[in-house]
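A quick write-up on the structure given underneath.
Read-outs throughout are calculated quantities, based only on the coordinates presented, and are distinct from any laboratory measurement. Here the structure is a predicted model, which is why all the values come from computation and not from measurement. Here the Cβ positions follow ideal geometry from the backbone for every residue, glycine too, while neighbour counts run over all protein chains shown.
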Amino acid sequence: MKLTTRRILATLIDMTLIGLPVGIISTVFGIIKWIMSFIPVVKWFRWIFHLGSSWFVVPFCIYEIVCLACFGTTVGKALMSVGVEEESGAMTMRLSTIIIRSVFKMITFQFCAPLLLLVSLYIMFKDPEKSLHDVLAGTCTWLK
């Protein structure tokens, strides 16, 4: 299986792993917010239970940063046998590199998805070891 395909599948696995609990919490908060809309005085406090779709970004960034810093991989990357390292060849990445990579990865996927995701996919298909967040963080991906 090509590196590009494995990278995409690893990201989908990681997003599912974080997205399911976040989706459940979001659903519960939505139900609480809906129930509160029927209670006259309490309905003004419904905003406390509002979770937008971008709420997924924080748990995913924390998950990726912690996994890469502690284990050098995420669950998805481990299942798909994909590794990440700095361009300098250091097997363990610096925390600053991990944070930059994770934040730019989520910015690409969440906030500016259409344009940046297309640019990221173009870079990945041109050079399977790189994506937009890899170029910005100075990292590369490889098959284990």
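Kindly provide the pair-distance distribution of segment 3-143 built from C-alpha pairs, with 5 Å bins from 0 and whole-percent values in order of increasing distance.
Percent of pairs per bin, in order: 2, 10, 17, 20, 17, 10, 7, 6, 5, 3, 2, 0, 0.
Please rank ILE25, ILE65, ILE98, fewest neighbouring Cβ atoms within 10 Å first, as an exposure proxy.
ILE25, ILE65, ILE98
Taking R0 as 35 Å, what's the FRET efficiency between LEU143 and VAL119 from their Cβ-Cβ distance, rounded to 0.05?
Using R0 = 35 Å, I get an efficiency of 0.90.
With charges set only on the Cβ (+1 for Lys and Arg, -1 for Asp and Glu), what does the dipole of segment 3-143 come to about its Cα centre, in debye to the nearest 20?
In total the dipole reaches around 520 debye.
In what order do SER120, SER96 fall by count of nearby beta-carbon atoms within 10 Å, going from fewest to most?
Ascending Cβ contact count within 10 Å gives the list SER96, SER120.
Using the count of nearby Cβ atoms within 10 Å as a rough guide to exposure, how do SER81, SER37 rank from fewest to most?
Starting with the residue having the fewest Cβ neighbours, the order is SER37, SER81.
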